[in-house]
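A.B. asks: I have a structure I would like to understand better, so I am pasting it below and will then ask my questions one at a time.
The values are calculated or read from the model by the stated rules, or taken from the named source; none is laboratory data. Every value quoted in this text rests on a predicted model; they were computed, and no experiment measured them. For neighbour counting, all protein chains shown are included, and Cβ atoms are generated from backbone atoms with ideal geometry for every residue, glycine included. In case anyone asks, the SASA skips ligands and DNA or RNA and just uses the protein heavy atoms, side chains included. Shrake-Rupley method; radii C 1.70, N 1.55, O 1.52, S 1.80 Å.
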Amino acid sequence: MEIKVKGKKYAFNEQINGFVLAKTIDAALAKEAIGFKIKDKIYDMGEMILKDCEVEFIVPTSKEAFSILNHSTSHLMAESIMSLFPNAKLGFGPSIEEGYYYDVDFGDYKLKEEDLAKIEKEMMKFSKNGEKFIRKIVSKQEALEIFAADPYKIELINGLDTNEPISTYTQGNFVDLCFGTHVPSTSYIKHFKLLNLAGAYWRGDVKNKQLTRIYGVSFFTLEDLENHLKMLEERKLRDHKKLGKELGLFMLSDYGPGFPFFLPNGTILKNELTSWWLKYHIAHDYMVIQTPIMLSKELWITSGHWSHYKENMYTSKVDKKEFAIKPMNCPGSILVYKNDLHSYKDLPLRYAELGLVHRNEASGALNGLFRVRSFTQDDAHTFIRKDQLVSEIRHLIKLYDDIYSTFGLNYHIELSTRPENSIGDIEVRNESERILKEACKKSKHDFIINPGDGAFYGPKLDFKLKDSMNRIWQCGTIQLDMNLPVRFDLSYIDENGQKVRPIMIHRAVLGSVERFIGIITEHFGGAFPTWLAPVQISVLPVNNQYHLDYAKKLVKDLLKHGFRVKLDEANEKLGFRLRNSQINKIP
RNA sequence: GCCGUCUUAGCUCAAUUGGCAGAGCAAUUGAUUUGUAAUCAAUAGGUUGUUGGUUCGAUUCCGAUAGACGGCACCA
């Protein structure tokens with residue numbers, strides 16, 4: 001048998017496993033390697049190599065190493081939990097982007113924050129024991145017997161395809177149902193930390209029991225772990241909720257949970273942002289409109305919101321008739337479109353609106369400015385002819401690039417394609433999906449496809465930005481709509497004098513102005529670019545007795561030139577006032 | 001909405017086993033007139049989120065409730 005590693009060939013008379021191969025090459029490699037790869041498939045070091053192939057070893061610096069280590073750490077944690085809480089039942093325990101978690105049912109026991117330290121200690125113990133991770137393929141019947149005590153594992157086993165081999169991993173006295181792969185032994189797991197507790201529904205379904213999820217993270221070196229923990233601390237310092245308070249941007253009150261108040265500084269920021277947005281859109285052939293906050297129930301019945309979105313709408317009575325506060329701006333825009341007769345020559349018609357919408361979000365979903373119950377969408381609704389689809393999408397992608405690059409934001413795009421229950425012209429839909437896909441490919445940004453995840457009324461592109469905690473938030477969106485034009489019987493007159501249905505595009509770039517402010521607050525760490533900074537210049541007279549008059553004149557001049565200036569005439573030393581300006585992040 | 005944690009002065013935080021609620025910053029007043037990242041001092045500031053209970057006595061223990069935070073679910 002001939003095995004190729006890093007371009008070199010090694011010959012063997014019999015089948016060998018990863019350990020033997022690594023040892024043949026280099027003793028240090030055998031100690032360091034945690035797995036190997038053949039044609040993108042990852043194996044444990046103990047796996048046999050069956051035939052001629054090319055092997056790549058996975059070492060701590062390999063990109064796959066982190067998730068293998070963290071997955072193994074979740075097993076180590078599960079072992080420790082079962083040792084401390086023998087009655088616990090285990091759910092899922094995967095590795096994730098920033099570590100791993102394990103979902104556990106502790107029965108009647110309520111796991112406390114302090115218990116995490118106990119579990120960590122137990123993990124250390126098992127780590128020192130250096131228990132080998134042993135993979136074993138079992139039959140379904142065997143698996144059901146091994147995990148008889150754990151209803152969650154039983155449910156998983158019963159759900160597995162009978163043709164697929166069922167693999168288990170054993171370390172010490174602990175055995176878990178798992179596809180793998182794992183590090184060779186628990187002694188590889190030394191530098192880890194249990195981070196937090198959370199509740200999570202079994203299999204992500206509200207109808208199921210909620211298990212206790214424990215998040216943790218694991219590294220190959222103490223230094224990496226410490227750096228990661230330090231980074232987590234630094235992220236918290238950039239949290240827009242903290243900066244928003246410190247810089248006087250916004251506040252939240254118990255009198256209106258989820259309804260943010262913009263403070264003087266935040267209002268300047270918001271106004272600067274939106275007036276820039278308006279200028280940009282006017283320059284790009286958008287007509288700016290404003291539609292009412294509240295409209296009658298009939299409109300929402302026609303739009304379909306009443307049946308699909310009622311739970312999230314705030315309602316009230318006007319003249320004994322039921323009204324709803326708008327959760328979206330589209331019906332308003334549509335009424336504007338319908339207010340006139342349109343010629344095919346007039347299209348595309350682009351209506352832009354900074355629309356204040358209200359949605360009754362679940363209380364547990366609220367989060368600073370990221371998830372609120374009242375927010376401003378930087379919305380636009382464009383009505384086009386079929387033949388204008390390509391150029392309109394191109395126009396939009398360019399616009400998104402322009403706007404995001406102004407802030408230097410990183411993002412990725414997600415394309416959601418046609419679901420089963422889609423409506424409208426399939427050809428138009430396929431064509432538009434193709435156009436969207438092409439546009440995504442051309443853009444310099446990462447994009448992924450969510451097959452079948454589009455709305456029933458049309459495909460959509462979502463623009464996702466990351467916050468300082470690495471959480472992903474949807475900001476921009478482009479949605480093609482083949483539904484509302486039908487529901488509202490929209491039309492334009494074509495060159496033959498016939499009524500033709502236009503295609504409608506919903507789009508928002510910032511998404512929610514509030515969320516976007518949250519994102520850029522964290523992105524800039526509160527130190528906004530000068531054009532957005534609430535206070536741009538602070539004037540500090542060295543000595544009030546001699547310099548105050550001149551400072552006042554300077555402030556007046558700067559104000560005249562349109563700068564946002566503050567005079568700091570506090571009776572304090574220069575150093576104190578400089579420090580104040582720095583803390584307030586005045587450019 | 002669900003699981004968990006938290007809520008003390010405007011802000012950031014203390015307060016042994018239940019025994020007079022405390023500090024720094026900010027504020028106010030006074031002194032200092034300052035040349036590059038916190039000048040000194042004094043004063044004021046509180047029904048400990050709200051509410052019910054246990055107790056001679058509750059910031060502390062128990063219950064209810066509101067809100068925030070970390071997740072989950074949700075985000076047609």
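A.B. asks: What Kirkwood hydrodynamic radius do you get for region A:519-587 when you take the inverse of the mean 1/r over all pairs of distinct Cα atoms, in Å?
C.D. replies: Result for region A:519-587 stands at 12.8 Å.
A.B. asks: Calculate for chain A the 222 nm mean residue ellipticity that helices alone would give, adding -39,500 (n - 2.57) per DSSP H run of length 4 or more and normalising by residue count, nearest 500 deg cm²/dmol.
C.D. replies: -11000 deg cm²/dmol
A.B. asks: Using a 1.4 Å probe, what is the accessible area per residue for chain A, in Å²? Write down the numbers at each step before the final one.
C.D. replies: Values: 30230 Å² over 587 residues.
Here the per-residue accessible area is 52 Å².
A.B. asks: How far, in nm, would the chain grow between A:Trp531 and A:Lys31 when pulled straight, counting 0.36 nm per residue and subtracting the alpha carbon separation?
C.D. replies: Answer, rounded to one decimal: 174.4 nm.
A.B. asks: Distance from a point 7 Å along Cα→Cβ of A:Ala365 to each backbone N in region A:464-485: keep the residues under 20 Å and list them by number.
C.D. replies: Answer for this model: A:464-467, A:471-479.
A.B. asks: Please give every one of the lysines within straight-line cross-link reach of A:Lys560, meaning a C-alpha to C-alpha distance under 29 Å, and leave out same-chain neighbours fewer than 8 residues apart.
C.D. replies: Straight-distance partners of A:Lys560: A:Lys270, A:Lys279, A:Lys552, A:Lys573, A:Lys585.
A.B. asks: Now a separate question. Using only the alpha-carbon atoms of region A:196-335, report the extent along each of the three principal axes, biggest first, to the nearest angstrom.
C.D. replies: Principal-axis extents of region A:196-335 (Cα, largest first): 65, 45, 34 Å.
A.B. asks: Take the alpha carbon atoms of region A:1-120, find their radius of gyration, then divide it by 2.2 N^0.38 Å using N residues; give the quotient.
C.D. replies: With N residues counted in region A:1-120, Rg over 2.2 N^0.38 Å equals 1.37.
A.B. asks: Using a 1.4 Å probe on the protein chains only, how many percent of the accessible area of chain A belongs to carbon and sulfur?
C.D. replies: The computed percentage sits at 52.
A.B. asks: Expressed as a rounded percentage, what relative contact order does region A:260-414 have, with Cα pairs under 8 Å and six or more residues apart?
C.D. replies: Reported as a whole number, the value is 21 percent.
A.B. asks: Please sort A:509-518, A:72-81, A:151-160, A:215-224 by packing, taking for each peptide the average over its residues of neighbouring beta carbons within 10 angstrom, highest first.
C.D. replies: By packing density, highest mean first, the sequence is A:72-81, A:509-518, A:215-224, A:151-160.
A.B. asks: Using 0.36 nm per residue of separation minus the Cα-Cα distance, give me the extension gain between A:Glu233 and A:Asp340 in nm, one decimal.
C.D. replies: Length gained, A:Glu233 through A:Asp340: 32.9 nm.
A.B. asks: For chain A, report the % of Cα-Cα distances exceeding 31 Å.
C.D. replies: 64 percent
A.B. asks: Would you work out the charge dipole size for chain A about its Cα centre, treating the Cβ of every Lys and Arg as +1 and the Cβ of every Asp and Glu as -1, and quote it to the nearest 20 debye?
C.D. replies: Using Cβ point charges on Lys, Arg, Asp and Glu, chain A gives about 1320 debye.
A.B. asks: Sticking with this one: Excluding A:Thr315 itself, calculate the net charge of residues whose Cβ lies under 15 Å from the Cβ of A:Thr315, where each Lys or Arg counts +1 and each Asp or Glu counts -1.
C.D. replies: Within the 15 Å Cβ shell, the charges total +4.
A.B. asks: Considering only C-alpha atoms, what is the centroid distance from region A:275-290 to region A:341-380, in Å?
C.D. replies: 15 Å
A.B. asks: So which helices of chain A fit the span-like rule, where a helix is a whole DSSP H run, its Cα atoms reach 20 Å or more along the axis, and its mean Kyte-Doolittle is at least 0.0?
C.D. replies: Qualifying helices: A:65-84, A:389-407.
A.B. asks: Just report the Cα centroid separation between region A:387-430 and region A:99-167, whole Å.
C.D. replies: Taking the Cα centre of each part, region A:387-430 and region A:99-167 sit 43 Å apart.
A.B. asks: Karplus couplings for region A:181-188 from phi (6.51 cos²θ - 1.76 cosθ + 1.60, θ = phi - 60°), rounded to Hz, Gly and Pro as x?
C.D. replies: 9, 9, 5, x, 8, 5, 5, 6
A.B. asks: So how far, in whole Å, is the C-alpha centre of region A:481-554 from the one of region A:18-88?
C.D. replies: Answer, in whole Å: 50.
A.B. asks: Then there's this: I want the local charge near A:Phe12. Using Cβ-Cβ distances under 15 Å, sum +1 for each Lys or Arg and -1 for each Asp or Glu among the other residues.
C.D. replies: 0
A.B. asks: Percent relative contact order of region A:197-341, based on C-alpha pairs within less than 8 angstrom and at least six residues apart?
C.D. replies: Computed value for region A:197-341: 11 percent relative contact order.
A.B. asks: With just the Cα atoms of region A:182-249, tell me how far they stretch along each of the three principal axes, in Å, largest first.
C.D. replies: 52, 42, 13
A.B. asks: Still on this structure: Please state, as a whole number in µm²/s, the translational diffusion coefficient that the Stokes-Einstein equation yields for region A:275-422 at 25 °C and 0.890 mPa s, with Rh defined as the Kirkwood radius across alpha carbon pairs.
C.D. replies: 139 µm²/s
A.B. asks: I would also like to ask the following. Ranked highest first by the average count of other Cβ atoms within 10 Å around their residues, in what order do A:239-248, A:106-115 fall? Let's see the in-between values first.
C.D. replies: Working: A:239-248: 18.6, A:106-115: 11.2.
My ranking of the peptides, most packed first, is A:239-248, A:106-115.
A.B. asks: Here's something else I'd like to know. Find out how many positive minus negative residues lie around A:Glu414, taking Lys and Arg as positive, Asp and Glu as negative, among other residues whose Cβ is under 11 Å from that of A:Glu414.
C.D. replies: Around A:Glu414, the surrounding residues sum to -1.
A.B. asks: So, one more: With N denoting the number of residues in region A:456-505, provide Rg(C-alpha) divided by 2.2 N^0.38 Å, to two decimal places.
C.D. replies: Details: Rg = 16.9 Å, N = 50, 2.2 N^0.38 = 9.7 Å.
In units of the globular-protein estimate, region A:456-505 measures up at 1.73.
A.B. asks: If R₀ is 30 angstrom, what is the calculated FRET efficiency for the pair A:Met469 and A:Asn17, using the beta carbon separation as r and rounding to 0.05?
C.D. replies: The formula returns an efficiency of 0.15 here.
A.B. asks: Cα atoms only, region A:15-59: Rg and Dmax in Å?
C.D. replies: 9.3, 25
A.B. asks: Would you please put A:449-461, A:551-563 in order of how densely packed they are, using the mean number of other Cβ atoms within 10 angstrom per residue and starting with the highest?
C.D. replies: Packing order, densest peptide first, comes out as A:449-461, A:551-563.
A.B. asks: With the alpha-carbon atoms as the only input, what is the per residue convex hull volume for region A:485-555 in Å³?
C.D. replies: Hull volume over Cα atoms, normalised by residue count, gives 197 Å³.
A.B. asks: Then there is this: To the nearest 0.05, how large is the calculated FRET efficiency for A:Tyr550 and A:Met251 if R₀ is 25 Å and r is the Cβ-Cβ distance? It would help to have the intermediate numbers written out before the result.
C.D. replies: Details: r = 37 Å, r/R0 = 1.46.
Computed FRET efficiency for A:Tyr550 and A:Met251: 0.10.
A.B. asks: Taking the simple approach of a point 7 Å from Cα along Cα-to-Cβ for both A:Ile96 and A:Phe576, what is their distance in nm?
C.D. replies: Here the answer is 4.7 nm between the modelled labels.
A.B. asks: Next question, about the same structure. As an exercise, use a Förster radius of 51 Å and the Cβ-Cβ distance of A:Asp557 and A:Met287 to find the FRET efficiency, rounded to the nearest 0.05.
C.D. replies: That gives a FRET efficiency of 0.85.
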